[in-house]
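Okay, structure first, notes after.
The values are calculated or read from the model by the stated rules, or taken from the named source; none is laboratory data. No experiment lies behind these values; they were computed from the predicted model shown. Note: ideal-geometry Cβ built from the backbone for every residue, glycine included; neighbour counts use all protein chains shown.
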Amino acid sequence: MSDPLTAAPQAGALATWLAAPVPASRAQAQAQQFWRAAWRLRYNISALFGLGIILLLLLVAFFAPLIATHDIYAQDLASRLQRPSFSHYFGTDELGRDIFSRVIFGSRITLYIALLTAAIAAPLGLVVGTAAGYLGGWIDIVLMRIVDVFLAFPSLILALAFVAALGPGIENSVIAISLASWPPIARLARAETLTIRTSDYVAAARLQGASSWQIIWSDIVPMCIPSVIVRITLNMAAIILTAAGLGFLGLGAQPPSPEWGAMLSTGREFMLTNWWIAAVPGCSILVASLAFNLFGDGLRDILDPRHG
Amino acid sequence: MSILGRNAAYNRSHRVATRASTIALILGASTLATSAATPPTALVMAWNIDAISTFDPAQIGEVVTNEIIQNTCDPLVDFDTTDETKVVPRLAKSWDVSEDGKQITFHLQNGMKFPSGNKATAGDLAWSLQRVVKLGLGNAATLTEYGFTKDNVDQMFTAPDDTTLVMKLDKPYPVSLVLQAIAANRVSVLMDRQTIMKNEVNGDMGNKYLATRTECVGPYRLAKWNAGEAVVLQANEDYWGKKPALKQVLVRHVAEAGTQRLLLEKGDIDVARDLTPEDLNDLEKNAGVSVDKVLKPQLLYWNLNNADPIFSKEKVRLALRYLIDYDGLAKTVMANIGVPRASFAQIGAVGALDEKEGQPFKVDLAKAKQLLAEAGYADGFEATLFIGTHSYASPIAQSVQENAAKVGVKLKIERMSNAQLFSRVRGREYQTTIQGWQTGVPDAHGNASRQIYNPDNRIEAKQTMYPSWRSAYFSEDVNKKVDEALFEKDPAKRVQLYHALQRDMMEKGPQAFMFQMYNVAGVRKSLKAWTWNGFRTYYDLASK
Amino acid sequence: MAGTAVASTRLPVQKRQSGRKRLVRTVGRTMLSAAATLLGLVTLTFFIGRLLPLDPVIAILGDNVSQDAYNTMYRKLGLDQPLIVQYGLYLKNAFSFDFGDALTSGRPVLEDIGRVFPATIELATVAVIIGTGLGIPMGVLSAMYRNSLIDHVVRMIGLIGYSTPTFWLGLMGLTVFYASLGWVAGPGRIDFVHEFSIEPGTGFLLIDTTLQGQWDAFWNVISHIVLPASILSFGALAYISRMTRSFMIEQLGQEYVITARVKGMSWARTVWVHAFRNVAVQVVTVVALSYAFLLEGAVLTETVFAWPGFGRYLTNALLAGDMNAVVGCTLLIGAIFVTINLLSDVLYRIFDPRTR
């Protein structure tokens, strides 16, 4: 592997600041680290490809009203189950709604679920994992047993149980999937913490009289963040699939929402007669999930090479 | 890293990979192709049989188990194969009615035996009927509705000798109705008292024992049931009547309609029971398969909780009926699986309005808006709409939702498992739902007595077997009219009374009825004489 | 879920002690924590069960029951007792392996599980065999030619495996390979023709048919299992190839590899014989773990393929409010996960030089 710094452009003050051999501040150090990582990403075609799709998805979600060609709720029983054509790019569904427009709007729901779940699960897992790892003792034992209990359920089953208990709907799906996806992150963060807590700089901070929470917050958490980011990016793919699975089983987004899993579930009935109704949301799920996987995989190579 | 070394490794693993794929190809091409044909002596059927939870005739309530019980346990009398409003002899060779119309005497077949070898007598039958009332499970209402109680049932059903059963009635109900509603029903099956009572646990009269088996007289017996997998029926060698042509009936649980269709097209099954309108459409063009359908006494309706201030208003309920796109849905989502029906009495029942008169509504947003305004909801309102897991429930709900939105009514759809839906409805914890109800009686009274008539509307009365109670609908006047029609001696006049009641209920009734459902199946042409009507499927008549 | 970190991130935090004492202590501690996990599992299940808006009485008696019979059953199930009493009763039953009767089948839960579990294990085993057979060579190859076309293709296949909705793939597979091409048999474990000629035995149809010498039936079972197992194996394949790749990359960077090369050993020999032998244990752990994750994948695959297995049984039980069955299944899954985790821990302790 070539040294990323030597390959970086060497012009301008910013570049100099980013390339300074000894960072002057914590912020600079972090910015440098980030820059190096981002710079190295340029070699990773598949990761860039994944990132490209994610950005495209975000754009599509943001500009959905401009891209969509039809009202996503407007039904027309007379023109139901139409094949893809110029008036309906992806055909129409069982109630005559335009599938193209629905898929476009569906990206909003999928991204909303994935990002919100990540935003809940990652901090939760991070806090639990670092606390358990750093504090050790009983706290560690209790927290890790809780993590074990959650891990002992397959995540779809756990999400299924929570959604069944909370009632169906997007918000409840988010809660349920979050509850099912924080434990692996906690476990990862704990493992990281165990390796960090014996390091010299943590010992130094301790000698300077920093409290446990201070150390966790300012020394341990930042060190765990790269691997957690990798993990959660990879998890987003799993989250998208779980959300789709819940939608597929009828427990996720409720009709007439154009959630991809729910659309797929409807399309399942028409697999043999009108294949596009299932194929379009199916491919959308595949593409979105694949994008996060590709990007996460690339990130892992860069940020967290130990777990290859 | 030497280039040579890399190549060697590559070649080696490449060879392995090639070999592996060759093997896979051979496997795929030769050995895995299967011959598709069902056994010549068996009827093989794919059906969603998740709902089966017991085979106790006193308890079962859903369609699948009912059909299986009808083919394993003979009732006193049976529905005629072609005219379901007629009854024909089965366990009873004949019957006579006392002059006051309050006693029916059934004369049973001779020499019947249970699969256990025990002799089957009228005494067993009387006990079977008494048992249903005493257990008080789901089907007790079938009898208690006609005046049988835990206290009187021992006197009401008696067996003076081994082949005579006497049924006493507290009121002179129409005899044809009693025969349809009780004698042809799963409560009148002949159960093996001795064997069952030997396996009694904690005074349950064999309820637990019968959860997984049948002990009765019928053309088939239940040979095997694995929940959510398969039901196997075996021809009963000791059967008193004509022995069935096909020795085995194999019902395999297949939840996916698409999967059922594939199995049927491939010839791996003879009959598929849960096909979608689109599949049926395609199959009609398939040379090896025929699509067979018959109306069943099941109504799909928009259930409204009349205890809710919004839906307690007659005009709101009427307005909602103008939001249902009966014709559009019938041609698309419900094609081949249902016909529009706004009346509570099913097509084909004695006293029912005809197909046209029984569904006078069409989408009329202006009218709906006006009715809502008259009811005080000019700006509409918000409400929830619960649906179960049936594939047609969701599109119907969404169609209604879209029309409702146009008159300012915001419906929030929530899909849930059927078990959950039932819990909510029984507890009156809902605003509106879309659900089905099936009566066992080919007479307008079957639904009038449950959907309209409500014996006691108090919440603590818990008359949960009455859909009318579940939707908190009560009208003294309507109760009286239901009774009046029931006891009317003149058949023509009786029909008139039901017609009037139906017209009245389509305007003011508690629910908005939507569709009457078909029994529909894809049947391979190699299977002959697949026979059914709305109340019964006759496995024993099928042949190959 | 992509559970890559379960085994590899468990780092030992033990001080050195004398071998035997340490072993006893470790075993004791592990057993204790496993027991605690199971207790937690049972408790969680109980509360999920209480939260479910489903009525177990209706699940048993059906929707159309009189209030009288309803109340009787309500009391019989102990639902009128205070929550804490119910919990106690529930614990007592759970730990004496008495899960009661499944409400939906009327049979003891253990009997039901005994019937459905072999179906899932058989499916998962075939899936693991396929996944391992393809995944390991793919992983090794892509480590050998890191960042080459092969590597990218392998990673792409793996990631697509991770990213595809199983249920969709399943239906597509059925349409193509069963309906159109007719290469494989359809849904279910075996054709009806054979189903009743096989004597009940182990419950694993491949084994039963072999033992009874029913080769027609054996091939029939194979033709039924190959498609769902292949589709299920996709996820395992992705996981195994990815982990194998990363283990191998780590090994190939080690000094002994360079030494071996300098000494003139062939590249293929170095990779397959030396490097691979060193990661074999890790790979075995990964295979064991992927087994556990297949249980989850099985839920949706089993639905599509009408496979009478454990995943579908549990899903149905959840949706029907059949708490007895849910508890039994949950504990079983939990026990499997705990056991696999324990095993992977033990394997690590034994084989990983850093923890010795």
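Some notes on this structure:
- Exclusive hit being crowded, with 22+ Cβ neighbours inside 10 Å and farther than 27 Å from C:Asn71 by Cα, set B:Leu125, B:Leu137, B:Leu129: B:Leu125
- Yes/no for C:Glu195 being on the phi < 0 side of the Ramachandran plot, among the acidic types (Asp, Glu), surrounded by fewer than 16 Cβ atoms within 10 Å (Cβ to Cβ) and more than 14 Å from chain A (Cβ to nearest Cβ): no
- Options C:Gly173, C:Gly139, C:Gly201; residue that is at pLDDT 85 or above, more than 30 Å from A:Glu269 (Cβ to Cβ) and either in contact with a helix residue (DSSP H, G or I) (Cβ under 7 Å, 6 or more places away or on another chain) or among the acidic types (Asp, Glu) (or both): C:Gly139
- Whichever residue in segment B:390-428 is in contact with a helix residue (DSSP H, G or I) (Cβ under 6 Å, 6 or more places away or on another chain) and assigned to a loop (DSSP other than H, G, I, E, B) and, among such residues, is farthest from the other protein chains (Cβ to nearest Cβ): B:Val407
- Pairs with Cβ under 6 Å, 6+ apart, first in segment C:131-145 and more than 9 Å from chain B (Cβ to nearest Cβ), second of a type in the set (Asp, Glu): C:Ser142/C:Asp151
- Listed conditions (1) surrounded by fewer than 23 Cβ atoms within 10 Å (Cβ to Cβ); (2) under 28 Å from B:Ala272 (Cβ atoms); (3) hydrophobic (A, V, I, L, M, F, W, C) are all met by C:Val153, apart from (2).
- Screening segment B:296-387 for helices (runs of 4 or more DSSP H) wholly inside it with 2 or more residues that are at positive phi and surrounded by fewer than 23 Cβ atoms within 10 Å (Cβ to Cβ) returns no ranges.
- Residue in segment A:64-78 that is among the small types (Gly, Ala, Ser), surrounded by fewer than 16 Cβ atoms within 10 Å (Cβ to Cβ) and under 30 Å from C:Ile157 (Cα atoms) present: no
- Taken together, the criteria place A:Ala278 among residues that are within 23 Å of B:Thr389 (Cα to Cα), within 8 Å of another protein chain (Cβ to nearest Cβ) and at pLDDT 85 or above.
- Screening segment C:288-323 for residues that are surrounded by 24 or more Cβ atoms within 10 Å (Cβ to Cβ), farther than 23 Å from C:Leu174 by Cα and not hydrophobic (A, V, I, L, M, F, W, C) and picking the one that is nearest to the other protein chains (Cβ to nearest Cβ) gives C:Gly321.
- Check on A:Ser107, at the interface with chain C (Cβ under 10 Å from one of its Cβ atoms), under 19 Å from the mean Cα position of the chain (by Cα) and surrounded by 17 or more Cβ atoms within 10 Å (Cβ to Cβ): no
Here is a yes/no grid of residues against (1) modelled with pLDDT of 95 or more; (2) of a type in the set (Asp, Glu); (3) touching a strand residue (DSSP E or B) at 6+ places or on another chain (Cβ under 6 Å):
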{"site": "B:Val77", "(1), (2), (3)": "yes, no, yes"}
{"site": "B:Thr81", "(1), (2), (3)": "no, no, yes"}
{"site": "B:Lys86", "(1), (2), (3)": "no, no, no"}
{"site": "B:Lys102", "(1), (2), (3)": "no, no, no"}
{"site": "B:Phe106", "(1), (2), (3)": "yes, no, yes"}
{"site": "B:Met112", "(1), (2), (3)": "no, no, no"}
{"site": "B:Ala126", "(1), (2), (3)": "yes, no, yes"}
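- Residues that are touching a Lys or Arg at 6+ places or on another chain (Cβ under 9 Å), at pLDDT 90 or above and of a type in the set (Lys, Arg) occur at least once in segment A:88-109.
- Segment A:184-222, residues that are out of contact with any Phe, Trp or Tyr (no Cβ under 8 Å at 6 or more places or on another chain) and among the charged types (D, E, K, R): A:Arg187, A:Arg190, A:Glu192, A:Asp200, A:Arg206
- Residues that are more than 20 Å from the chain's Cα centre (by Cα), in contact (Cβ under 8 Å) with a residue 40 or more places away in the chain and facing chain C (nearest Cβ under 9 Å) within segment B:221-249 comprise just one, B:Gln248.
- Residue within segment A:187-208 that is of a type in the set (Gly, Ala, Ser) and under 28 Å from C:Ala298 (Cβ atoms) present: no
- Put simply, of B:Leu129, B:Leu125 the only residue that is in a helix (DSSP H, G or I) and either closer than 16 Å to B:Gly241 by Cα or free of Cβ contacts under 8 Å to residues at least 60 places away in the same chain (or both) is B:Leu129.
- Being buried (at least 21 other Cβ atoms within 10 Å of the Cβ), of a type outside the set (Asp, Glu), assigned to a helix (DSSP H, G or I) and more than 12 Å from chain B (Cβ to nearest Cβ) is a property that C:Gly49 has.
- Taking the criterion of being modelled with pLDDT under 50 and either assigned to a helix (DSSP H, G or I) or at positive phi (or both), the residues of segment C:2-46 that qualify are C:Ala5, C:Val6, C:Ala7, C:Ser8.
- Complete set of residues in segment C:216-272 that are among the aromatic types (Phe, Trp, Tyr) and either facing another protein chain (nearest Cβ under 9 Å) or closer than 30 Å to C:Leu169 by Cα (or both): C:Phe218, C:Trp219, C:Phe234, C:Tyr239, C:Phe247, C:Trp267, C:Trp272
- Elements of type strands (runs of 3 or more DSSP E) contained in segment B:32-104, each with 3 or more residues being more than 14 Å from every other protein chain (Cβ to nearest Cβ): B:77-79, B:87-89, B:92-97
- Scanning segment A:169-183 turns up no residue that is more than 20 Å from the chain's Cα centre (by Cα) and at pLDDT below 85.
- Selection within segment C:95-119 - small (Gly, Ala, Ser) and surrounded by 22 or more Cβ atoms within 10 Å (Cβ to Cβ): C:Ala102, C:Ser105, C:Gly106, C:Ala119
- Candidate set: segment C:264-287, residues that are among the small types (Gly, Ala, Ser) and either part of a loop (DSSP other than H, G, I, E, B) or touching a residue at least 12 places away in the same chain (Cβ under 8 Å) (or both); chosen: the one surrounded by the most Cβ atoms within 10 Å (Cβ to Cβ): C:Ala275
- Residue satisfying condition, being in a helix (DSSP H, G or I), of a type in the set (A, V, I, L, M) and within 8 Å of another protein chain (Cβ to nearest Cβ), within set A:Ala244, A:Ala205: A:Ala244
- C:Pro82 vs. criteria closer than 25 Å to C:Arg189 by Cβ, surrounded by fewer than 17 Cβ atoms within 10 Å (Cβ to Cβ) and out of contact with any His (no Cβ under 7 Å at 6 or more places or on another chain): no
- Count of segment B:202-236 residues, restricted to those that are farther than 18 Å from B:Val132 by Cβ and in a loop (DSSP other than H, G, I, E, B), is 7.
- Identity of the residue in segment A:281-308, polar (S, T, N, Q) and within 8 Å of another protein chain (Cβ to nearest Cβ), that ends up farthest from A:Tyr112 (Cα to Cα): A:Asn293
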